[in-house]
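These notes are about the structure you will find just below.
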Amino acid sequence: MENPCLTFVTPTLIAGDKSLANVLVHEVAHSWTGNLVTNKNFEHFWLNEGITVYVERLTLGILYGEPFRQFVAIGGWKELKATIRSLGEENPLTALVPKLTGVDPGNVLNLVPYEKGFLFLYFLEQKVGSRDVFVVFLKHYIWENAYKSIDTEKFREMFIKHFNSIGQGKLVEDIDWDVWLYAPGLPPFEPLYDNLLTSVCTQLKNRWLKWDPSNEPCPFSLSDLDEFSIRSNQLLEFVTQFGEERNHLGIAKIVAMDTTYGLSGVQNSEIKFQWIQLCIREKSIHILPLALQFISEQGRIKFTRAIYKTLFAWNEVKEATVDNFKRNRPNMMLNTANIIAKDLGLEK
């Protein structure tokens, strides 16, 4: 969590290989987009988080190359589609600027302001011709609004005025601001990202899907991962892709994958989380001790709530899940504990 001049970080970001440094970049970026320039209220929360995600990925692209920025943007696009699918295409909370009159923003927080906000800025970047051209505007936006709280209309006015002032107004005159900002559901733009780094993950995933463990020995080895140029990030994408498949892997493949790649022993919390969720989906009981340990030793709601919910839906481990929560509840943050208690049917 960012604070002016001071960022609080969770130990779940310590992966041993700097592969979760993107979160640190995000929180530091909030010093400018979120703290120096602040959204007027939570209806305009995307001005905080969407712009910060854009700056985060812009920074990663500078550090590791444009293909990496495209790679992480692909993950964000998939998360946005999954979020809107879960909330419902017509859900007003999927609008970039939702109406929150009478609504507690803390009860409706989701990924839309982050990922739909980023995608809107990426769309604007494409409209004006290049990343560098858009960044000139972004710097102007930040310094013009320093120490102010603004709303989306202010952003729109500044954007149009800026490109008119440099003789590029025609580039942005056909933007459908109302649809982008106020319509629910997916935006009117599907990005065409470079999938160079993602395709390697997909190829390995497809090999696992085709393998029949009942007819042939395991053809995989740890050297498979040598194809990953950004190992931890692509390993995360590889594991995540299985969770997006409609068909199940089966316990035999889960056990073989763990034996081959040592996924239960990874330190990267994002990979660990996706791996635990995949094993729970496949009902591989070997993952239960690790799952219970993970949700007991850290309290990050992103991980803890999701794993409690999937374990609770698995009848064979439901009792153990509830018992684990009751033991750990005194050590959890109050808000997290109350939300999970409702998920587990312990409170209304």
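Eigen-decomposition of the gyration tensor built on the alpha-carbon atoms of the chain gives equivalent ellipsoid semi-axes of 37, 25, 18 angstrom, largest listed first.
Normalised radius of gyration (Cα atoms, divided by 2.2 N^0.38 Å) for region 1-94: 1.18. Applying the criteria of a DSSP loop state and at most 13 other Cβ atoms within 10 Å to the trypsin sites (Lys or Arg not before Pro) of region 6-102 yields Lys18, Lys99. Between the alpha-carbon centres of region 47-93 and region 2-37 there is a gap of 16 Å. Remark: region 274-320 carries a charge dipole of roughly 240 debye about the Cα centre, counting +1 on each Lys and Arg Cβ and -1 on each Asp and Glu Cβ.
Normalised by 2.2 N^0.38 Å, where N is the number of residues, the C-alpha radius of gyration of region 122-211 stands at 1.51.
For region 55-69, putting each phi into the Karplus relation 6.51 cos²θ - 1.76 cosθ + 1.60 with θ = phi - 60° gives couplings of 5, 4, 6, 4, 4, 4, x, 5, 6, 10, x, 4, x, 5, 4 Hz, in residue order, rounded to whole numbers and with x for Gly and Pro.
Remark: for residue pairs Lys78/Lys272; Lys148/Lys272; Lys272/Lys326; Lys81/Lys253; Lys154/Lys342; Lys253/Lys318, the C-alpha separation exceeds 30 Å in Lys148/Lys272; Lys154/Lys342.
Here's the picture: charge each Lys and Arg Cβ at +1 and each Asp and Glu Cβ at -1 in the chain, and of Leu209, Gly262, Tyr122 the one pushed furthest to the positive end of that dipole is Gly262.
Per the Debye calculation on region 192-348 with a single equal scatterer at every Cα and no solvent contribution, log₁₀ I(q)/I(0) for q = 0.09 Å⁻¹ amounts to -0.33.
Spatially, region 118-181 and region 299-348 are offset by 43 Å when compared through their Cα centroids.
Annotation for region 56-90: GluC sites (Glu not before Pro) lying in DSSP loop with at most 16 further Cβ atoms inside 10 Å of their Cβ are Glu89, Glu90.
Quick check for me: using +1 on Lys/Arg Cβ and -1 on Asp/Glu Cβ, what's the dipole size of the chain about its Cα centre, in debye to the nearest 20? Walk me through the intermediate numbers first.
Values: 36 positive and 41 negative charges, 125 e Å.
Once rounded to the nearest 20, the dipole reads 600 debye.
Using the 1.4 Å probe convention, the accessible area of the chain works out to 51 Å² per residue with neighbouring protein chains retained.
Out of region 187-290, which trypsin sites (Lys or Arg not before Pro) are coil in DSSP terms and have no more than 16 other C-beta atoms within 10 Å? Working shown, then result.
On the way: sites: Lys205, Arg207, Lys210, Arg231, Arg246, Lys253, Lys272, Arg281, Lys283; in loops: Arg246, Lys283.
Counting only loop positions with at most 16 other Cβ atoms within 10 Å, the trypsin sites (Lys or Arg not before Pro) in region 187-290 are Arg246, Lys283.
Please report the carbon-and-sulfur percent of the accessible area for the chain; probe 1.4 Å, protein heavy atoms only, DNA, RNA and ligands left out. Please list the in-between numbers first.
On the way: 9660 of 17620 Å².
On the chain, the fraction of accessible area on carbon and sulfur atoms equals 55 percent.
The values are calculated or read from the model by the stated rules, or taken from the named source; none is laboratory data. This one's a predicted model, so the numbers in the text were calculated from it and none came from an experiment. Every residue, glycine as well, gets a Cβ built from its backbone with ideal geometry; the counts of neighbours run over all protein chains shown. The accessibility values were calculated without ligands, DNA or RNA, using every heavy atom of the protein model including side chains. Shrake-Rupley method; radii C 1.70, N 1.55, O 1.52, S 1.80 Å.
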